[in-house]
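Participant: Here it is, the structure, as structure tokens.
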Amino acid sequence: MIDLTGDGVLALWNGVEPSRKAEYDAWHTREHVAERISVPGMRGARRYVRLSGPLPEYLTLYALDDTSVLTSEPYRKLLDNPTVWSKSMRPSFRGFMRLACRRVMTLGGGLGGALAAAAIDETNLPALRQAAETLITQPAVTVVHVLARDPDIPDVPFKIGGDTPAFPNAGAILIESYDDNALSAALPAIKGALGRAVISAATLTTYRLAYALDHASLDRIEPMTEWPS
């Protein structure tokens, strides 16, 4: 189980050219995620696909020991030396947003099959704690994570296809659930809890879990290095 229990979380949002969606799913699953979590300090990864809302179609969460993993030599080597397949995929990304975050709070536990995410424009910790403590009392909510962006982590040193979306980037609040229908039904209560804590729900977006991988499974992955022609 890939629980977000380390001190850091790398949250990545993106879309992809419609003609390459099937290829993206295969690349991300069979090459990219396995490559990334081979880096020491990366505990595992989850990929989500959007159900509804304004944030980009895909959300990937990497569980980290801490954010220093993202400035380590093994990780920087991967960024600076992409595989042939990775290099070919980058121009097809759309709406790419990267938040290297400190995990400042988690209430609840486990791994839910559905998740709601909201990008936040300020990390007002008392307000975020108030919201999290209210949200975790909802029957459909199993876990609430509060993430604050680490300003000391540099952006990726390469160009990604498409424009960068103009969403808040101070951090994020992640709300997990056991079921996407139950989560959808709870959205009015979730928006109300965020509003009472003066946290904007304008970017609130729901996702379903598509794939998860941790270190224990790496040696069983059957790798791919290209899209079959």
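Participant: Quote to one decimal, in nm, the extra length available between D80 and D219 on full extension: 0.36 nm per residue of separation minus the C-alpha distance between them.
Facilitator: Full extension of this stretch gives 47.6 nm more.
Participant: Here is a follow-up. Express in whole angstrom the spacing between the alpha-carbon centres of the stretch 100-162 and the stretch 173-229.
Facilitator: After rounding, the separation between the Cα centres reads 11 Å.
Participant: Then there is this: At 0.36 nm per residue, and after removing the present C-alpha to C-alpha distance, how many nm does the segment from T137 to E122 gain when stretched out fully?
Facilitator: Additional length available on full extension: 3.0 nm.
Participant: Determine the sum of side-chain charges near A26: Lys and Arg each +1, Asp and Glu each -1, restricted to other residues whose C-beta is under 15 angstrom from that of A26.
Facilitator: Value of the local net charge: -3.
Participant: With label points built 7 Å along Cα→Cβ from the Cα atoms of S72 and V49, find their separation and express it in nm.
Facilitator: Once both label points are built, they end up 3.1 nm from each other.
Participant: Could you give the spread of the C-alpha atoms of the stretch 32-164 along their three principal axes, from largest to smallest, in whole angstroms?
Facilitator: 47, 30, 27
Participant: While we're on this one: Under the classification rounded if a/c is under 1.5, otherwise prolate if a/b is larger than b/c and oblate if not, where does the stretch 139-213 fall, given a ≥ b ≥ c as square roots of the Cα gyration tensor eigenvalues?
Facilitator: It comes out prolate by the Cα gyration axes.
Participant: Go ahead and run the numbers for FRET between K159 and V198, Cβ-Cβ distance against an R0 of 35 Å, rounding to 0.05.
Facilitator: Rounded to the nearest 0.05, the efficiency is 0.45.
Participant: What per residue convex hull volume, in Å³, comes out for the chain when only alpha-carbon positions are used?
Facilitator: Considering the Cα atoms of the chain, their hull volume per residue is 114 Å³.
Participant: Right, another one. As I understand it, the value is the acute angle between the Cα axis of helix 125-135 and the longest principal axis of the Cα atoms of the chain; what does it come to in degrees, rounded to 10?
Facilitator: 80
Participant: Can you give the extra length, in nm with one decimal, that the chain gains between Y211 and N169 once fully stretched, where that is 0.36 nm per residue apart less the Cα-Cα distance?
Facilitator: 12.7 nm
Participant: I've got another one for you. Roughly how big is the chain's charge dipole about its Cα centre, with Cβ charges of +1 (Lys, Arg) and -1 (Asp, Glu), in debye to the nearest 20?
Facilitator: 340
Participant: Using the alpha-carbon atoms, what tilt in degrees (0 to 90, nearest 10) does helix 180-196 show relative to the longest principal axis of the chain?
Facilitator: Approximately 60 degrees, to the nearest 10.
Values in this text are rule-based calculations from the coordinates and carry no lab data. All values reported here derive from a predicted model rather than from experimental measurement. Every residue, glycine among them, receives a Cβ derived from its backbone with ideal geometry; neighbour counts consider all protein chains shown.
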